[in-house]
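Input: a single structure, listed below in structure tokens.
The values are calculated or read from the model by the stated rules, or taken from the named source; none is laboratory data. Worth saying up front: this structure is predicted, and the values here are computed from it rather than measured. Methodologically, a virtual Cβ is constructed for each residue, glycine included, from the backbone with ideal geometry; neighbour enumeration extends over all protein chains shown. Please note that ligands, DNA and RNA were not included when accessible areas were found on the heavy atoms of the full protein model with its side chains. Shrake-Rupley method; radii C 1.70, N 1.55, O 1.52, S 1.80 Å.
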Amino acid sequence: MNLVAEKSNRSQVTVWVALLLLLIGAMSAYQIVGLNQALLLLIGGALGMTLYHASFGFTSSWRVFIKERRGRGLRAQMIMLALAVLLFFPALGAGQLFGQPVTGFVSPLSTSVVIGAFIFGIGMQLGGGCASGTLYTVGGGSARMVVTLIFFCLGSLLATLHLDWWFNLPHLAPVSVVKSLGVIPALLLNFALFAVIALATVYFEKKRHGALEIGSTSSELGWKRFLRGPWPLVWGGILLTLLNFATLALAGRPWGVTSALAVWAAKIASLGGIDVASWAYWQQPANAKALTEPLWFDVTSMMNFGIMLGALLAASLAGKFAPNFNIPRRSLLAAVLGGILLGYGARLAYGCNIGAYFSGIASGSLHGWLWLVFAFLGNTIGVKLRPVFFPDEAPQPEKLTSC
């Protein structure tokens, strides 16, 4: 009974801590940068709450499909992407949204995307999360994912040292289906692809299990469920899309995550005496500006901080904020290796599951689809490697019974 009371008291304290930090952060961002930056921090908070309450994990959804052929998570992603292109394509085709110029994430079809996405996919399964998943689980109180995040940042920094070499490997120019086909044909093409993937998951799930999995239910209703969760996966996908669209309207570009992690690591390395500013990557105008300016001015950093605070708030409201520092050695090693692969792969692939996959496909970039294919292949390898680091997931030998 004392443990229950202690857990309840801790959750109440962290609710107020999260709210206070979000409020102070928004007010400071408004004073230092402006209204848009304050709103983007709060959008980050809403993203964190959505990711946590809906348990919208790209990593777990892919792992469950690879291992068990359960496709509910993948179908939710297809619904999310379908709504995203429906909102994004007309705005990107016009080049403006509510009178403000907007651009998407359109990157080359390159060898670096293939290798980077594949590496990132392995890292997802070893690290235990993707980019957004790492942030929201850190905010939700996972001590292990703090380790993943630290080495995610380190991997991102290491990649910036070699990016010129990677980007000079064979590649094709960036392709936007919105620009090359037009808005309506691009929408129809993407809808068809989403439908094919969704139907494929239905086929494989019914073939393995005979019926589709039913989503989890909650005893909470109305506002109580909204505040405490859990939310249906489809709710999560829809809200993530609407918040990404709000990001496009305020920032002039879609939601991204991993560029900020490289900035964080580079700033720390600079403080440690490493001449990061002399590296070619950090001499590019946008990157040099991010390295020298305070983090208050970096949109991605502010949104990432918001995500972690939003997840802290959601976990506290749900009464689930309970950090566990007892991390098995193998799991800790997986977090280190996975974090490095996540960070390095994301830089090579022009983004992660958010910047390259979600926002890339929403931007009409073909590199988003290339990322999806090779990240999924990397996940299949990662799933096979997981039993080495997580013995509980190793296949159990069948017991022999006598007749």
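When only alpha carbons are used to place a centre, the range 270-334 and the range 20-50 end up 16 Å from one another. Taking each residue as 0.36 nm, the span from Leu242 to Ile32 lengthens on full extension beyond its C-alpha to C-alpha distance by 72.9 nm.
Answer with a single label: of (i) 30, 27, 24; (ii) 39, 22, 21; (iii) 35, 27, 19, which was calculated as semi-axes √(5λ) of the Cα gyration tensor in Å from the structure in view? Read-out taken from this structure: (i). Since only Gly155, Leu22, Gly129 are under comparison, the one whose Cα sits farthest along the positive direction of the charge dipole of the chain, derived from C-beta charges on Lys, Arg, Asp and Glu, is Gly129.
Annotation: peptides 282-288, 108-114, 383-389, ranked by per-residue average of other Cβ atoms within 10 Å with the highest first, follow the order 108-114, 383-389, 282-288. Taking the Cα centre of the chain as reference, the dipole from Cβ charges on Lys and Arg (+1) and Asp and Glu (-1) amounts to some 880 debye. Residues whose amide H lies under 5 Å from that of Leu97, counting only those 5 or more places away or on a different chain, are Val102; hydrogens are built 1.01 Å from N in the peptide plane.
With helices defined as uninterrupted DSSP H runs, which ones in the chain have an alpha carbon span along their own long axis of at least 18 Å and mean Kyte-Doolittle hydropathy of at least 0.5? Span-like helices here: 2-32, 35-53, 72-94, 111-127, 143-167, 183-209, 233-251, 258-271, 299-317, 329-348, 366-389.
By a 1.4 Å probe calculation restricted to protein chains, Asp298 has an accessible surface near 30 Å², given to the nearest 10. Annotation: amide H-H contacts under 5 Å for Arg70 (H modelled 1.01 Å from N, sequence separation of 5 or more, or interchain): Phe65. When you restrict to C-alpha pairs under 8 Å that are six or more residues apart and normalise by the size of the chain, the relative contact order lands at 38 percent. Under 5 Å from the amide H of Phe105 lie the amide H atoms of Ser363, each residue being 5 or more positions distant or on a separate chain, with H modelled from the backbone and absent for Pro and chain starts.
With each label modelled as a point 7 angstrom along the Cα→C-beta vector, the Val196-Val13 pair spans 5.4 nm. Stretching the chain fully between Ile214 and Leu377 yields a gain of 56.0 nm (0.36 nm per residue, less the alpha carbon separation). Please go through the residue pairs Lys207/Lys384; Lys206/Lys384; Lys320/Lys384; Lys67/Lys267 and name each one whose alpha carbons sit more than 32 Å apart in this structure. From the list (Lys207/Lys384; Lys206/Lys384; Lys320/Lys384; Lys67/Lys267), the Cα-Cα distance tops 32 Å for Lys67/Lys267. Given the rule -39500 (n - 2.57) for each run of at least 4 DSSP H residues, summed and divided by the residues of the chain, what is its mean residue ellipticity at 222 nm, to the nearest 500 deg cm²/dmol? About -23500 deg cm²/dmol.
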